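Asker: Below is one structure. I have some questions about it.
The values are calculated or read from the model by the stated rules, or taken from the named source; none is laboratory data. What you see is a predicted model, and the numbers here were worked out from it, not measured in a lab. So basically every Cβ, Gly included, is an ideal-geometry build from the backbone, and we count neighbours across all protein chains shown.
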Amino acid sequence: MGNDLILLIPQFVLVIAAMALMLLEPFTPAAHKSRMARIAVLAAAVAAFSLGSQWSDQSRTILNGMFVVDNFSIFFQWLFLVILGVSAIISMKFNEREDINRGEYYSLLLFATSGMCLMVASTDLILTFIGIEILSIATYVLAGFKRNDIRSNESSLKYFLLGSFATAFLLYGIALIYGSTGSTNYQTIRELASMQGGFQNTTFIGMGLLLVGFGFKIALVPFHSWAPDVYEGAPTPVTAFMTVGPKAAGFAALIRILVEAVPFLADEWSSILWALSILTMILGNVVAVLQTNVKRMLAYSAIAHAGYILVGIVTNSDSGFSAVLFYLVIYMIMNLIAFSVILSISGTGDARVHLNDYVGMARKAPFAAAALSISLVSLAGIPLTGGFIGKFYLFSAAIRNGYIGLAVIGVLSSVVSVFYYFRLLVYMYMKEPDETAEVPEPVSWLVQVVIVMGIIGILWLGIFPDHILTLADYSILAPK
């Protein structure tokens, strides 16, 4: 039991820090609320440091086979902790400006991250479900954290109602798989199916319902309808967190289920995900072209990128899974930079989020415009950026494994995305600003540091991707 507790230190750090922030909230003066963000960042750093000692060539299973510590889970937990730290940092000044700088905000970020860590390390459907619910409940509240803003309230309510509906599908799927195999443990499900010489129809139906539940969490078409409204109405730092954190956690948990629990259904789930990938890439990019609200545009962009990531999973290969891990890293960097700029430009009330608000932004706020431009260029997949390398490896894996048509559709969809990303660049650099328009508030020095590090990451991974690719290769779950 002692060894079990040592391996759970990162989770304990996050949960204890979250509870400490809730206890400290009533006793912290309003002028010092920002210190709570520093506690969240410190907790992320301590948890990340403790994960370093767990890196090993051997996976270790604890809690009666329900929780695994392997390189795959450690890779994603590091990713989640970076997202947590950056989200806390970019939230500080925004929360002060919007008068929502309260300790429970950072506590919810910590709880959400603990749920994501639980999802990726779980090897049991029940524990995976618990992780999803911890994450979901925290993000439901975060989406509506601006209690006096009707848009924030609407996004929270819509997210909660549709999320509860998706949870029902997830539970039905778990129940059917348990009913047909007699277990919720991934390894046991796989072994029982092997002993039975195949799978029962109820297992296949249960897997389909699980895909519906996960499709909602990662905003795949046709389960995406909540995403644009929720991302638009939520506070911008929360939108930044939601577009990268829960999405990465959903993909990680889905990969573990597909590879470790139901590899015997590989032909079936590959075909289903192939269709979902095409629908998601096409609809996400085409509808993004029609948007004039920047947050909604990036919401549909996030949907399209979920389709790109799905390309790697469809291949069910080492190269495809490695490309997925690499792409999630660069996607995290690109999106967090974009939203870090957007929240500074949006102004009080988070109101300046339309294309016309970005006219002449290069003259009013040259640093913010340059940072957003680099992020958008990378999201579009232009060469010499990490976004290009990420898409290159995803589509290369598809071609290598015989999914040439899927790769072609992915490339064509990516070409469509160039229009709406570059349209924003045109507004910032090629249109004359209105001299009477409000000048955006300067980006805080701490957020500037985050943005500069992110820009370096985008350019570095666009030229020297080897280190992260090697790390991804060591961290993948090999198809069974």
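Asker: Just the residues that are β-branched (V, I, T) and in a helix (DSSP H, G or I), please, taken from the range 272-313.
Answerer: I272, I278, T280, I282, V286, V287, V289, V294, I303, I309, V311, I313, listed by residue number.
Asker: Pairs please, first residue from the range 389-403 and within 12 Å of S317 (Cβ to Cβ), second anywhere and of a type in the set (V, I, T), Cβ atoms under 6 Å, 6+ apart in sequence or on different chains.
Answerer: So the pair list comes out as L394/V311; A397/T315; A398/V311; A398/T315; N401/T315.
Asker: Right, here's the next one. Considering only the range 248-263, how many residues are assigned to a helix (DSSP H, G or I) and either over 23 Å from G405 (Cβ atoms) or without any contact (Cβ under 8 Å) to a residue 40 or more places away in the chain (or both)?
Answerer: Looking only at that region, the number is 11.
Asker: Return the residue satisfying two criteria in turn: it lies in the range 305-354 and is farther than 27 Å from S444 by Cβ, among the hydroxyl-bearing types (S, T, Y) and crowded, with 24+ Cβ neighbours inside 10 Å, and of such residues it is farthest from the chain's Cα centre (by Cα).
Answerer: In this case the residue turns out to be T315.
Asker: Testing E232 on (1) in contact with a Gly (Cβ under 9 Å, 6 or more places away or on another chain); (2) part of a helix (DSSP H, G or I); (3) touching a residue at least 40 places away in the same chain (Cβ under 8 Å); (4) farther than 17 Å from E260 by Cβ, one condition comes back false. Which one is that?
Answerer: Evaluating E232 over (1) in contact with a Gly (Cβ under 9 Å, 6 or more places away or on another chain); (2) part of a helix (DSSP H, G or I); (3) touching a residue at least 40 places away in the same chain (Cβ under 8 Å); (4) farther than 17 Å from E260 by Cβ leaves (1) as the failure.
Asker: Given the structure, is S50 farther than 22 Å from R102 by Cβ, polar (S, T, N, Q) and within 23 Å of the chain's Cα centre (by Cα)?
Answerer: Yes; evaluated as a whole, the condition is true for this residue.
Asker: Further, regarding this structure: So which of A323, A266 is in contact with a Pro (Cβ under 9 Å, 6 or more places away or on another chain) and part of a helix (DSSP H, G or I)?
Answerer: Just one listed residue meets the conditions, A266.
Asker: Can you tell me which residue among R423, R363 is modelled with pLDDT under 95, in a helix (DSSP H, G or I) and touching a Pro at 6+ places or on another chain (Cβ under 7 Å)?
Answerer: Going through R423, R363 in turn, the sole match is R363.
Asker: Something else: Got a number for residues in the range 138-176 being of a type outside the set (G, A, S), farther than 20 Å from E232 by Cα and either surrounded by 21 or more Cβ atoms within 10 Å (Cβ to Cβ) or touching an Asp or Glu at 6+ places or on another chain (Cβ under 9 Å) (or both)?
Answerer: The qualifying residues number 3.
Asker: For the range 1-45, how many residues are of a type outside the set (V, I, T), more than 23 Å from the chain's Cα centre (by Cα) and outside any helix (DSSP H, G or I)?
Answerer: Here the count works out to 4.
Asker: Same structure again: Could you identify the single residue in S194, S183 that is more than 18 Å from the chain's Cα centre (by Cα) and outside any helix (DSSP H, G or I)?
Answerer: Just a single option satisfies the conditions, and that option is S183.
Asker: Kindly list the number of the only condition in (1) under 15 Å from A166 (Cβ atoms); (2) among the hydrophobic types (A, V, I, L, M, F, W, C); (3) surrounded by 24 or more Cβ atoms within 10 Å (Cβ to Cβ); (4) touching a Lys or Arg at 6+ places or on another chain (Cβ under 9 Å) that fails for A227.
Answerer: It is condition (4) that A227 fails.
Asker: Assuming F169 fulfils every condition listed in (1) in a helix (DSSP H, G or I); (2) free of Cβ contacts under 8 Å to residues at least 12 places away in the same chain apart from one, which condition is it?
Answerer: It is condition (2) that F169 fails.
Asker: In the range 78-110, which residue that is modelled with pLDDT of 90 or more and small (G, A, S) is nearest to the chain's Cα centre (by Cα)?
Answerer: Among them, the one singled out is S87.
Asker: Only one of these conditions is not met by S180: (1) surrounded by 23 or more Cβ atoms within 10 Å (Cβ to Cβ); (2) under 23 Å from N316 (Cβ atoms); (3) at pLDDT below 90. Which number is it?
Answerer: The number of the failed condition is (1).
Asker: Counting just the residues of the range 46-75 that are touching a Leu at 6+ places or on another chain (Cβ under 8 Å) and part of a helix (DSSP H, G or I), which one comes out surrounded by the fewest Cβ atoms within 10 Å (Cβ to Cβ)?
Answerer: A48
Asker: In the list L135, L127, which residue meets the criterion of being touching a residue at least 24 places away in the same chain (Cβ under 8 Å) and either surrounded by 24 or more Cβ atoms within 10 Å (Cβ to Cβ) or of a type in the set (S, T, N, Q) (or both)?
Answerer: Just one listed residue meets the conditions, L135.
Asker: Please work out which residue is surrounded by the fewest Cβ atoms within 10 Å (Cβ to Cβ), limiting yourself to the range 355-413 and to residues that are among the polar types (S, T, N, Q) and under 19 Å from I309 (Cβ atoms).
Answerer: Selected residue: S396.
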